[in-house]
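Inspection log for the structure reproduced underneath, given as structure tokens.
The values are calculated or read from the model by the stated rules, or taken from the named source; none is laboratory data. Predicted model, so just to flag it, every value in this text is computed and none were measured. Every residue, glycine as well, gets a Cβ built from its backbone with ideal geometry; the counts of neighbours run over all protein chains shown.
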Amino acid sequence: MTVSQVEQLGSTSLLHGTVGPDIPFEMVGSGQKQVRGIDMVHLALPPEHLHCFDKDGLRL
């Protein structure tokens, strides 16, 4: 994931970015993350913890 923005929200951090060439992706992580915009992070995500939405915002 290429990070474009990080929101430090106290007990969690929200990372905004893209995976692949242009697929938007957001991730909520516990605690404060030492990540900045333009950083690349590697993700290993269990499917049971993912929430996917289509281009109209409807859950898949």
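Points to keep in mind about this one:
- Cβ-Cβ under 6 Å pairs, at least 6 apart or on other chains, region 31-60 side acidic (Asp, Glu), far side modelled with pLDDT under 90 and assigned to a loop (DSSP other than H, G, I, E, B): ASP54/LEU60
- Only one of the numbered conditions (1) modelled with pLDDT under 90; (2) surrounded by 11 or more Cβ atoms within 10 Å (Cβ to Cβ); (3) acidic (Asp, Glu) is not met by ASP22, and that is (2).
- Checked against (1) in contact with a His (Cβ under 9 Å, 6 or more places away or on another chain); (2) surrounded by 10 or more Cβ atoms within 10 Å (Cβ to Cβ), ARG59 meets all criteria but (2).
- VAL6 more than 10 Å from the chain's Cα centre (by Cα) and surrounded by 10 or more Cβ atoms within 10 Å (Cβ to Cβ): no
- Residue count for region 1-14 under the criterion of being touching a strand residue (DSSP E or B) at 6+ places or on another chain (Cβ under 8 Å), farther than 21 Å from ASP54 by Cβ and of a type in the set (A, V, I, L, M, F, W, C): the result is 2.
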